[in-house]
Amino acid sequence: MPEIKINTASGNSRIILGEHLPDLLEYIPCENVVIVTDENIYKHYSSQFPPFPVIRIGTGEKIKNLDTVRDVYNQLITENADRSTFILGIGGGVVCDIAGFVASTFLRGLSFGYVATSLLSQVDASLGGKNGVNFNGFKNLIGIIRQPAFVLCDPNMLDTLSYREYLSGFAEIVKYAVIRDKEMFQQIEDNIDKIKKRDKDLILSLITDSINIKASIVEKDEGEQGLRRILNYGHTFGHAIEKVHDLKHGEAISIGMVMANRFCVGRGIVDQAEEHRVTNLLEKLDLYEGVVLDRNGIWEAMLLDKKKYRDKLLFVAIDQIGNGYVDEVSLEELHLFLRGVDKD
Ligand SMILES: NC(=O)c1ccc[n+]([C@@H]2O[C@H](COP(=O)([O-])OP(=O)(O)OC[C@H]3O[C@@H](n4cnc5c(N)ncnc54)[C@H](O)[C@@H]3O)[C@@H](O)[C@H]2O)c1
């Protein structure tokens, strides 16, 4: 099977592409394994799980917290987990974040791996070693960087993903294209129908391109001291929108990308034509449509952004499609922009 490697100071990961869940056993390095999954994945796929004890967690962003972590620790104790136990997370981004955090902290760190089941987790959440949970309303406030031994991406599992979750994951693929690869952006523009029909070959090729982009960035800057910050494109507004509005992660990030581009147009950094191209693409992918934004709520949420320091914020700008970079902007400028932003 094709593989992409991510080699960093904290560890190395193998990303296995196109492999199928029933063949998972060949990648697991030991026999002492505990599976962590969520109720949905258990319902769809438990018959194909390898024969190990399973810890089930609930679903949704609201359970990505220390209460769930404590429950999983307790169940690991019940299962007599020891330093030789391998934690296998099978699920979307929430399962990966919880399983990775638990594995990284239980007994000062166990080995772990993932089967990434949602498109968002295959192209983003399972990769790069960030394992964290939300705390007191702050997103991913508590966490640690540690690489999974492997990530298996089975494209067949995307068939059971709801259309809305699938498109939400696609937003991160658009993100990679906008910040790093204008040919990839063109390819997405030219294949909207195939994408909406979940054409397997095309999706696998776009997943591969996305993983390659993330892997090359993470290898250069695992700890997010510089380059890795560009992966937060669309997330300054997006995370705040996600917190305030009832939207999927990728839907909020899509609005965040449009707002970031409009902010860049206002600063004279990027042409309006480029902004329109990205907005049109997101509209065609049903990822950007009229939402009446709660500007005050979004502003308050932005003030809690982890990338804020004093009166400035590290913001990912683009000067053209295919080239994202990190810029320092004042909170005042962002506030002014937000107050004047179109209501749609
Ligand atoms: N650690 C990181 O680097 C990183 C990066 C990006 C996002 N994230 C996190 O990822 C999370 C979002 O991930 P997500 O969108 O995968 O959310 P999720 O894990 O909540 O999955 C979305 C829904 O789809 C279901 N699902 C997943 N795979 C399925 C499948 N194959 N078939 C049927 N249903 C399936 C899940 O049960 C869930 O209900 C957020 O918490 C975000 O903060 C983390």
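Structure values in brief
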item: Karplus (6.51, -1.76, 1.60) ³J(HN,Hα), θ = phi - 60°, over the range 292-297, in Hz, Gly and Pro reported as x; result: 7, 7, 7, 5, 5, x
item: Calculated from backbone phi, Karplus (6.51, -1.76, 1.60) coupling profile of the range 223-236 in Hz, x at Gly/Pro; result: x, 6, 8, x, 3, 4, 4, 5, 5, 8, 3, x, 8, 4
item: Amide hydrogen neighbours beyond the local backbone of PHE135, cut-off 5 Å, H modeled; result: ASN140, LEU141, ILE142
item: Exposure proxy ranking, count of Cβ atoms within 10 Å, fewest first, for HIS20, HIS239; result: HIS20, HIS239
item: Rough spin-label spacing in nm, given labels placed 7 Å along Cα→Cβ, for GLU283 and LYS197; result: 2.4
item: Of ILE241, ILE179, ILE195, the one that fluctuates the most in a GNM where the chain has Cα springs shorter than 10 Å; result: ILE195
item: Distance-filtered residues of the range 260-277 - backbone nitrogen under 13 Å, label point 7 angstrom along HIS245 Cα→Cβ; result: 260
item: Cross-link partners of LYS308 among aspartates and glutamates (Cα-Cα below 15 Å; sequence separation of 8 or more within a chain); result: GLU224, GLU300, ASP327, GLU328, GLU332, GLU333
item: Modelled FRET efficiency - R0 41 Å, LYS312 with ASP190, Cβ distances, 0.05 increments; result: 0.60
item: Cubic angstrom per residue, convex hull over Cα atoms of the chain; result: 122
item: Restraint check, LYS175/LYS197; LYS196/LYS248; LYS5/LYS284; LYS139/LYS182, Cα-Cα greater than 24 Å; result: LYS5/LYS284; LYS139/LYS182
item: Contour minus Cα-Cα distance for ASP82 and LEU141 (0.36 nm per residue); result: 18.5 nm
item: Gyration tensor over alpha-carbon atoms, the range 68-201, equivalent ellipsoid semi-axes in Å; result: 32, 15, 13
item: Euclidean distance between Cα centres, the range 168-206 to the range 302-332, Å; result: 25
item: The range 161-275, Rg to Rh (Cα coordinates; Rh as Kirkwood inverse mean 1/r); result: 0.97
item: The chain - mean residue ellipticity at 222 nm from DSSP helices (-39,500 (n - 2.57) per run, n ≥ 4, rounded to 500); result: -13000 deg cm²/dmol
item: Chain lengthening between ASP23 and SER216 when straightened (0.36 nm per residue, less Cα-Cα); result: 66.8 nm
item: 0 to 90° range, to nearest 10: angle between helix 200-220 axis and the chain longest Cα axis; result: 90
item: Estimated FRET transfer efficiency (ASP159, PHE52; beta-carbon r; R0 22 Å; 0.05); result: 0.35
item: Debye, to nearest 20: dipole size of the chain, +1 on Lys, Arg Cβ, -1 on Asp, Glu Cβ; result: 720
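Read the figures in this text as sums done on the coordinates, not as results from a lab. Here the structure is a predicted model, which is why all the values come from computation and not from measurement. No Cβ is skipped: glycine too gets one built from the backbone with ideal geometry, and neighbour counts run over all protein chains shown.
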